[in-house]
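Notes follow the structure.
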Amino acid sequence: MAQAAVAPPTRLTAQIRSAVIDTVVARLARIYVEADTGVLIGQGLRKKLAAGAYDQLDNPAQFGEAVTRDLRAINGDLHLSLRFAPGGGENRSGPQGDPTRQNFGLGRVDILDGNVGYLEITGFAGARGYQEVVADALRFLARTDAVIIDVRRNPGGSGEMSHFVFSHFLSATPVPTIRVKRRAPSEPVVRRSLAEVPGPRRPEVPLYVLTSQSTGSAAEEFSFVLKNQRRATIVGSRTAGAGHMVNIVRAGHGFLLGLSITRVSDPETGKEWEGVGVQPDIAVPAERALVEAHVAALRTILSANTDADWGRRLERFLATADARRNPQPIDPARLARLAGNYDGRVVSISNGRLFLARRAGGLGEEL
């Protein structure tokens, strides 16, 4: 006779908290990438439990948050986590939910002033079908003179998808990208870029990657490899510093435990981004990273340009982008004097900003 499934608790008892901690400690000892550190973290949890640190936490979500803080307290490993997720599955990391409804993590695709391509990737949701979606986005940007890839809101996900995307910007000859060391005493595995990609391969196009402290895991790998290959300029702030690969395993009573299972480093230097993040080449607050990268891209394009008419347009685009870096307040009375009809071109004011419509009733462009 089959045993009925036990429903996850809505309130925790001392027995449940103790059982979950026991499971977490056992998993740390058996699976965590550094055996000694795993034991040490587990000992810390047992001390916290014995000292009554969790006694008042009968809410499963709050208990998970408290244990997560204590898991990370020893070595700052941001992949260590305990969360209450009834019905959640094992071995799932990165963005959750239906990847097709998230467009596999690909957000906005645009062409900015000066023929600068822009692609936002909010997560590497590497489920079946992502390759063609990525290739379509990169085909749209294939005729741009520079490319900006925005991973500022990307917490990570699939390393396979990360490799797939950045391989489009490297040569067809595979290069070593990362060294992956597992707990088992076997030799580390060195991963390489892809020799074949379905989208346009652009190893020479000026490339900029936008980062923030929310850029984590596989998105850090993406930035890390392109920086180490001297293939992209990193713009923004230091990334999160989550440099291990992670597995999600059950911890009982509806809890899922995130455990680091590898150490990842640069094959040439041995350097990791765990705990230190990827440092930007152009360090600016993350919210300013796009305009800074746009200015840098326009300057690069302008320096290589030989078309006089296009050069004059590029200079105007650059002046506009440069002005956005340090916007100055303008007297409303001065703005009011600028509004009007200029031989059919209409300058108007909206929310304290000027807009130009090239004909009456047309869509205005911000000045």
If N is the residue count of segment 190-259, its Cα Rg over 2.2 N^0.38 Å rounds to 1.46
Which of these, 340, 87, 258, has the largest mean-square fluctuation under a Gaussian network model of the chain (Cα springs below 10 Å)? 340
Relative contact order in percent for segment 115-251 (Cα pairs under 8 Å, 6+ apart) equals 27
Given the options 160, 274, 187, state which has the largest fluctuation in a GNM of the chain using a 10 Å cut-off (strictly under) for Cα springs. 187
Förster-model FRET efficiency, 22 Å R0, residue 333 and residue 363, C-beta, rounded to 0.05: 0.25
Where the centroid of each part is defined by its Cα atoms, how far is segment 129-157 from segment 304-367 in Å? 29
Among 75, 86, 140, the residue whose Cα sits farthest towards the positive end of the charge dipole of the chain (+1 at Cβ of Lys and Arg, -1 at Cβ of Asp and Glu, taken about the Cα centre) is 86
Positive dipole terminus of the chain, leading residue within 173, 112, 264 (C-beta point charges): 264
Heavy atoms of the protein only, probe of 1.4 Å, neighbouring chains included. What is the accessible area of residue 111 in Å², nearest 10? 70
Whole-Hz Karplus couplings 3J(HN,Hα) for segment 186-196, θ = phi - 60° and coefficients 6.51, -1.76, 1.60, Gly and Pro as x, run 6, 5, x, 9, 9, 8, 10, 5, 8, 6, 10
Peptides ranked, highest mean first, by Cβ atoms within 10 Å: ranges 282-292, 317-327: 282-292, 317-327
Per GNM of the chain with C-alpha springs under 10 angstrom, the most fluctuating residue out of 227, 48, 181 is 48
In terms of modelled amide H atoms, which long-range or inter-chain residues lie less than 5 Å from the amide H of residue 209? 149, 233, 234, 235
Quick one: with all protein chains in place, what share of the accessible area of the chain is carbon or sulfur, to the nearest percent (1.4 Å probe)? 50
Residue-averaged 222 nm ellipticity for the chain, from DSSP H runs of 4+ at -39500 (n - 2.57), nearest 500: -10500 deg cm²/dmol
Mean accessible area per residue over segment 146-199 (1.4 angstrom probe, all protein chains present, square angstrom) is 43
If you place +1 on the Cβ of every Lys and Arg, -1 on the Cβ of every Asp and Glu, and leave all else neutral, what size is the dipole of the chain about its Cα centre, to the nearest 20 Debye? 280
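The values are calculated or read from the model by the stated rules, or taken from the named source; none is laboratory data. In this text the structure is predicted, and so the values were computed from the model without any measurement. Note that we place each Cβ from the backbone using ideal geometry, even for glycine, and neighbour counts take in every protein chain shown. Heads up: the accessible areas ignore ligands, DNA and RNA and are worked out on the full protein's heavy atoms, side chains in. Shrake-Rupley method; radii C 1.70, N 1.55, O 1.52, S 1.80 Å.
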